[in-house]
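Nothing in this text is a laboratory measurement; each read-out follows from the coordinates by a stated rule. Computed from a prediction, not measured in an experiment: that's the story for all the values here. Cβ sites come from the backbone with ideal geometry, for glycine too, and all protein chains shown count toward neighbours.
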Amino acid sequence: MQILHQITSLRAYLQQQRQSGKTIGFVPTMGNLHQGHLTLVQQARQKCDIVVVSIFVNPTQFGVGEDYDSYPRTLEQDSQLVAQDCDVIFAPSVEEMYGSQPRLTQVLVSEITQDLCGKSRPTHFDGVALVVSKLFNIVRPHYAFFGEKDYQQLAVIRQLVQDLNFPIQIIGVPIVRAEDGLALSSRNGYLTEAQRKIAPTIYQSLQQAKQDLQQNKQSLSKVLAHIREQLNQAGFDVDYIEARTPTLQKIDEFTQDIVIFVAAKLGKPRLIDNLYIAFV
Ligand code: AMP
């Protein structure tokens, strides 16, 4: 496995691979890799000849006062973790990605970026759409892998690929969880030991919601209120709890398949999770 920091070296390597007919799989990350990321990389390995993992803490997707400076940067450890299933790590500097000249181009995906995480992080998805577009142009993969943990992000990427005709197939990968149900996230490392014990309440409350909707036939509004109550009681500062159709349309009643989305702060980190609930 190689670690490349320069766009030109990565392009030269991938050009050769493409010319010899290899399929390229791409997993964009911000590093501090865990089993969630590794599952994406393993899927890429199974489907593609060449696997590229980018590790780049992208400044444009962090808002003012967010954790850009303290975000864990652990390239050496990350490279050991993916070595088996990855051919190239692309780890550019901010300068390499954004250059020193003013940037005048924006990539804005409307509507689906405006609520859920977009409400409290109004510039976040602009930064994501920008960096992913740049990375897609640099890597030019056949397949790109994204986690359903960031469900709204995945929807934004699918929209971007459709609207801008990127010739890339997007593969969504189900959420990887710790044994106690907590969705794995690099930001879980910010939790204190006591908070880490409380954190699985999010998943437990989502599971309870599923049961209350499917088996106990409770109303959606009651179920969402119950999740809020459980999280408040456990000490979370809830950002939002919302039910949407799988394509992120608003919905008031449980009359079709839905996804329930939760974002809540617990101490330093803001944790997000979601659960797909089939209409029965
Ligand atoms: P990040 O490094 O947080 O930007 O995440 C990079 C990619 O890994 C994104 O596509 C995430 O959705 C995905 N990912 C992160 N955590 C998980 C998880 N627990 N399960 C599945 N995918 C994940």
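Calculated on C-alpha atoms, the gyration radius of the stretch 140-246 divided by its Kirkwood radius gives an Rg/Rh of 1.04.
Karplus-derived 3J(HN,Hα) values for the stretch 163-173, using 6.51 cos²θ - 1.76 cosθ + 1.60 with θ = phi - 60°, are 5, 9, 6, 5, x, 10, 8, 8, 10, x, 10 Hz; glycine and proline are entered as x. 3J(HN,Hα) couplings calculated from phi for the stretch 180-191 with the Karplus curve 6.51 cos²θ - 1.76 cosθ + 1.60 (θ = phi - 60°) are, in sequence order, 7, x, 5, 5, 5, 7, 4, 6, 4, x, 7, 6 Hz; Gly and Pro show x. Computed over the Cα atoms of the stretch 1-114, the ratio of the radius of gyration to the Kirkwood radius (Rg/Rh) comes to 0.99.
Once both labels are positioned 7 Å from their Cα atoms along Cα-to-Cβ, the gap between residue 69 and residue 16 label points is 4.2 nm.
Around residue 219, with a cut-off of 13 angstrom between Cβ atoms, what is the net charge of the other residues, counting Lys and Arg +1 and Asp and Glu -1? Numbers along the way, then the final one.
On the way: positive: 217, 222; negative: 212, 252, 253.
With Lys, Arg at +1 and Asp, Glu at -1, the net is -1.
Amide H to amide H distances under 5 Å link residue 277 with 258, 259, 260, where only residues 5 or more positions off or on other chains count and H is placed in the peptide plane. For the pairs 47/197; 47/134; 47/119, note any where the Cα-Cα span goes beyond 28 Å. From 47/197; 47/134; 47/119, over 28 Å: 47/197; 47/119. The residue list 8, 93, 74 was ranked by how far each Cα lies along the charge dipole of the chain toward its positive end, using unit charges on Cβ atoms, and 8 comes out on top. Backbone phi angles across the stretch 257-272, fed through the Karplus curve with coefficients 6.51, -1.76 and 1.60 (θ = phi - 60°), yield HN-Hα couplings of 4, 9, 10, 9, 10, 10, 9, 8, 8, 9, x, 5, x, 9, 9, 10 Hz in residue order; Gly and Pro are listed as x. For the peptides 240-250, 48-58, the ranking by mean Cβ contacts within 10 Å, running from highest to lowest, is 48-58, 240-250. Could you work out how far helix 124-139 tilts from the main Cα principal axis of the chain, as a 0 to 90 degree angle to the nearest 10? Value to nearest ten degrees: 30.
Where both bridge residues fall in the chain, DSSP classifies roughly 45% of the beta bridges as antiparallel.
Normalised Debye scattering of the chain at q = 0.08, 0.09, 0.11, 0.14 Å⁻¹ gives log10 I(q)/I(0) of -0.35, -0.44, -0.66, -1.05, counting only Cα atoms as equal scatterers and leaving out solvent. Grab the beta carbon distance between residue 47 and residue 110, set R0 = 41 Å, and tell me the FRET efficiency rounded to 0.05. With R0 = 41 Å, the Cβ-Cβ based efficiency is 0.85. Panel order for 198, 89, by other beta carbons found within 10 Å of each beta carbon, from fewest to most: 198, 89.
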